[in-house]
Amino acid sequence: MRADGKKIKNADPMYKVAAHFMSKRSDAMNMITIDIPIEPINKYINEKRKEGKRYSHLSLIIAAYLQMVAEYPAFNRFVVNKTIYARNEITVGMVVLKGGKMDSHGSMNKLFLKPDYTLDEVHATVEKYIEDNRSEEKENSTDKMIKALLKIPGLLRFGVCMFKVLDKFGLIPKKLLDVSPFHVSMVLTNLASIRTNHVHHHIYDFGTTSMSVAMGNLREVPKRVKGEVVFERCMPLGIVIDDRVASGGYIAIAVKKLKRVLAHPELLEIPSVVTIDK
């Protein structure tokens, strides 16, 4: 029994087999770009600002992801040693630039979230996470672990090898999993904050990450309205998913859910009804 997940008992046989044919996460990466219309989001943010609430695009994306996972829990599964697991918690790995400067080094840690969090709770968690990790004087638990591994020559190589062996057999202690940026539900990168286009960020073979999302610069997306082509300002999301955790149809329906709640951000104020993954 792993400290971070439980075996899925009723997984589709096709996906149990797929975990053997595609033994690495890099074998099973599916990539998609979705364009999120920005007008409903900006309208909602501006209305809430009048009430004294200063939500960010980042908080809304994470809150929408939580609602998607609450209804479609397979997005919080992972595959290790050819076995499919349901994760015990929802965590998001995210890099924060020290001092908030573009030319500074980044620090990666992870947010711990609950599937029934409302937007207010998500926003408070995100703001605290950024504040705690942005300080140039402070070191988070992940930074400390990396520095410890780099202190002695050869320790990093040995430590990573040991991590891989222990991870394969589910023997990494919970305290180490809590500081590992490779054991998260999703890796999120906000490239728009450094004025960069979205990318399709890889998901690591090491660890348990099954999904990455990259937010990019806003762009104009053409669409047909009443026989005419118009341009809609959108936020592109580059999404990479481990294909072994769910079917293409399941993923497509879940992504529609993500787009639906971001088109109506007021839905993020309502706690989700959580579906249990078995």
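The values are calculated or read from the model by the stated rules, or taken from the named source; none is laboratory data. A quick note: this is a predicted structure, and the numbers were derived from the prediction, not measured. All Cβ positions, glycine included, derive from the backbone under ideal geometry; neighbour counts span all protein chains shown. Side chains included, ligands, DNA and RNA excluded: accessible areas come from the protein's heavy atoms. Shrake-Rupley method; radii C 1.70, N 1.55, O 1.52, S 1.80 Å.
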* **Where the chain is the region considered: accessible area per residue in Å², 1.4 Å probe** => 53
* So, with +1 on the Cβ of K and R and -1 on the Cβ of D and E, and no other charges, what is the size of the charge dipole of region 1-133 about its Cα centre, to the nearest 20 debye? -> 500
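In the neighborhood of Arg233, defined by Cβ-to-Cβ distances under 11 Å, what is the net charge if each Lys or Arg adds +1 and each Asp or Glu adds -1? Don't skip to the answer; put the middle values down first.
Working: positive: Arg219; negative: Asp35, Glu39, Glu220, Glu232.
Combined, the nearby Lys, Arg, Asp and Glu give -3.
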* If you take the charge dipole of the chain about its Cα centre, with +1 on Lys and Arg Cβ and -1 on Asp and Glu Cβ, which of Asn81, Val187, Ser107 is farthest toward its positive end? -> Asn81
* Helix-only CD estimate at 222 nm, as mean residue ellipticity for the chain, using -39500 (n - 2.57) per DSSP H run (n ≥ 4) -> -11000 deg cm²/dmol
* Positive minus negative residues near Asn76 (Lys, Arg vs Asp, Glu; Cβ under 9 Å) -> 0
* Give the label of the value calculated from the structure for volume of the Cα convex hull per residue in Å³, choosing from (i) 124; (ii) 134; (iii) 143. => (iii)
* Tally Lys/Arg at +1 and Asp/Glu at -1 over every other residue whose Cβ is under 13 Å from the Cβ of Glu220; what's the total? -> 0
* **Inter-part distance where region 212-266 and region 1-75 are each reduced to a Cα centre, Å** => 12
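So if I place +1 on the C-beta of Lys and Arg and -1 on the C-beta of Asp and Glu, and nothing else carries charge, what would the dipole magnitude of the chain be about its Cα centre? I want it in debye, nearest 20.
So the magnitude is around 600 debye.
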* Asked: Using a 1.4 Å probe on the protein chains only, how many percent of the accessible area of region 109-232 belongs to carbon and sulfur?
  -> 60
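Quick one: compute the contact order of the chain, relative version, from alpha carbon pairs under 8 angstrom and 6+ residues apart, as a percent. Can you show the working numbers first?
On the way: 498 pairs, mean separation 85.6, N = 278.
Relative contact order, the chain: 31 percent.
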